[in-house]
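Engineer: Have a look at this one before I ask anything.
Any read-out appearing in this document is the output of simple, stated calculations on the displayed coordinates, not a laboratory observation. Because the structure is a prediction, the values reported are computed rather than measured. So basically every Cβ, Gly included, is an ideal-geometry build from the backbone, and we count neighbours across all protein chains shown.
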Amino acid sequence: MLSGKTVLLGVTGGIAAYKVCELIRMYKRANAEVLVVCTPNALNFVTKLTLQNLSKNPVAVEEFDVKDFNPEHISYADRADIMVIAPATANTISKIAQGVCDNLLTSIACAFTKPVIIAPAMNCNMWENPVLQENLNKLHYEILEPESGYLACGYEGKGRLCALEKIFDKTVELLNFKPLNGKKIVITSGGTIEDIDPVRYISNYSSGKMGLALADVAKNLGADVTLITTKDVSRKYNVIKVKSALDMKAAVEKEFDSANCIIMAAAVADYRVKEISQQKMKKTSDDEISLTLVKNPDILKELCTRKKACPPDLLPSCPMIVGFCAESENLLENAKEKISRKGCDYLIANDISRKDIGFSSDYNEVTILDKNGGTKKLERADKRTIARRIFEEIYG
Ligand code: CTP
């Protein structure tokens, strides 16, 4: 996703420096070139060797460690497309704001004319210090404010480095790298709600978080997004709220002709109540009651059938169809059977028996199956990372 782009990562001396090791991996996974510049104090928290191994480039610290005729601060500033300072200490922020150039990192920042992201991390009292806030206001950079929580210094408050995902997404956004530009992506999410009577319903534990992550990431990557969801969601892209499987089917089918890709991340109820009672059902003297359920249409399968019926010359304009598959046992075996039964282009399989991933968790671990029999496992990560990796896989 960041092929051909060079990220200059400035690391300063705060405990959150260890976290940026993972940020480097995220940039590398997205095919970016990563140049790391550290302040001397940063190396008290993370080693040069670690940063070097992860970035696959020498790590620069000393200002006058010049190997050729190029002054290093200028050559670094010229080579990179974006500078990301994470974690940014109060000291480095204030120096940059005042134009101080007393080490390689601050000198590069002074010479840097392209987008800069600053992700501060520090003690909460330092963060609230009016001098620091005044200095921050002087910088016309993208500031990703720290988050609140338990701080390494023992305090509770605002000061933790923001989520690495946020830094990564902002980098992609500022580089204006929009690989999904011009593509309309329709995503379903949440569990459908099948009414029994005016006060009761049948549903499932789906939180809608995976579908929402896919929609947010697709939007960041430049897609025209429509999210069809059973949850209350407020976003700047098109959100269509639905309730039952039949509502969802009608909403998705409307989008078929204009979509480039349809992702069925929703947990659609397989059955609905045959006759919804118009009035609240009353308790009877019987110890048991029976509800008759009828099968809901299989939306995913019907979309695939519609695509298969497309005349060959129109097939390229048909949407790519991606299904999800929630299994509590025999994940791969069931997923393989499901992709051939449903006929979709990709199937994203996840194991719902695990408590640390899947339903209602912020994390997931999935295997992507393609229609040609290929499989690719995506290791456990937060749902936005999984979403991004799914787009990397399906759009190459
Ligand atoms: N799906 C659908 N319509 C249904 C049921 C499921 O479109 N009536 C879609 C889901 O959105 C998902 C995929 O089919 O993308 C697989 O859903 P899953 O519940 O795993 O499979 P089922 O076909 O319902 O099979 P089973 O419940 O027996 O595992």
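Engineer: Which order do L164, L23, L291, L214 fall in if you start with the one that has the fewest other Cβ atoms within 10 Å?
Structural biologist: L291, L164, L23, L214
Engineer: In deg cm²/dmol, rounded to 500, what helix-only [θ] at 222 nm does the chain give when every DSSP H run of at least 4 residues adds -39500 (n - 2.57) and the total is split over its residues?
Structural biologist: -9000 deg cm²/dmol
Engineer: Something else: What list do you get for M281, M248 if you sort them by fewest beta carbons within 10 Å?
Structural biologist: The order, fewest Cβ neighbours first, is M281, M248.
Engineer: May I pose another question? So between R380 and S285, what do we pick up on full extension, going 0.36 nm a residue minus the alpha carbon distance?
Structural biologist: 29.2 nm
Engineer: Of the beta bridges DSSP finds with both residues in the chain, what % are antiparallel, to the nearest 5?
Structural biologist: 35 percent
Engineer: Quote the FRET efficiency, to the nearest 0.05, computed for D247 versus R29 with a Förster distance R0 of 45 Å and r equal to the Cβ-Cβ distance.
Structural biologist: Computed FRET efficiency for D247 and R29: 0.75.
Engineer: For D362 and T113, FRET efficiency with R0 = 41 Å and r from the beta-carbon atoms, rounded to 0.05?
Structural biologist: Efficiency computed from Cβ-Cβ geometry: 0.65.
Engineer: What FRET efficiency comes out for K274 versus N238 if R0 is 51 angstrom and r is the Cβ-Cβ distance? Round to the nearest 0.05.
Structural biologist: Computed FRET efficiency for K274 and N238: 0.95.
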